[in-house]
Amino acid sequence: MADHYSVLFLCTGNSARSIMAEAILNGKGNGKFTAYSAGSQPAGQPRPEALQQIESAGLSTAGLRSKSWHEFSGPAAPKLDFVFTVCDNAANEQCPYWPGQPMTAHWGMADPAAVKGTPEEIARAYRDAFTLLERGIGQFLSLPPATLEHMAAKRDIAQSGRP
């Protein structure tokens, strides 16, 4: 059984949802997971509201940056076990080839960066997105190790061409 998994969270701008997901999993993964995030059209920097939400949850923002998904598709990329898209735009885009053919899933949710309104309404949108991500990641972390291993084994079988 594997004792460590790498997870990539994808979104278009890699400035809010995927950044928050990266921080949540790295903070709550108990050393069993390394989370990354990336976007198809990176915004250049994380949204301050996303960073504030991460910090208010007591999680680290160290090293978080907006980056292209191409960093994770080349030969120097980390081996990925799971790739989650967290926005509908990224899920509908033609993704790069992920070395190792990781398991993929879509966790679509509203973009808090698109919310217009009062500062309270914007803060609520970020809080709601963070809560949804935290809940989904909590469910992922609660999967029995054998289930995670089975999901990773499916990837390995697909890569080797065995049935």
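The values are calculated or read from the model by the stated rules, or taken from the named source; none is laboratory data. Keep in mind that this is a model prediction, so the values were computed, not measured. FYI the Cβ positions are ideal-geometry reconstructions off the backbone, even for glycines, and counts take in every protein chain you see.
Of note:
- Any hit, region 117-130, residues being in a helix (DSSP H, G or I), in contact with an Asp or Glu (Cβ under 6 Å, 6 or more places away or on another chain), modelled with pLDDT of 90 or more and surrounded by 14 or more Cβ atoms within 10 Å (Cβ to Cβ): yes
- Qualifying residue in region 147-155 (condition: within 20 Å of GLN45 (Cα to Cα) and either out of contact with any Ser or Thr (no Cβ under 8 Å at 6 or more places or on another chain) or modelled with pLDDT under 80 (or both)): no
- Contact annotation: residue pairs with Cβ atoms under 7 Å, 6 or more positions apart or on different chains, pairing a residue in region 133-145 that is assigned to a helix (DSSP H, G or I) with a partner that is surrounded by fewer than 18 Cβ atoms within 10 Å (Cβ to Cβ) and among the small types (Gly, Ala, Ser), are LEU141/GLY29.
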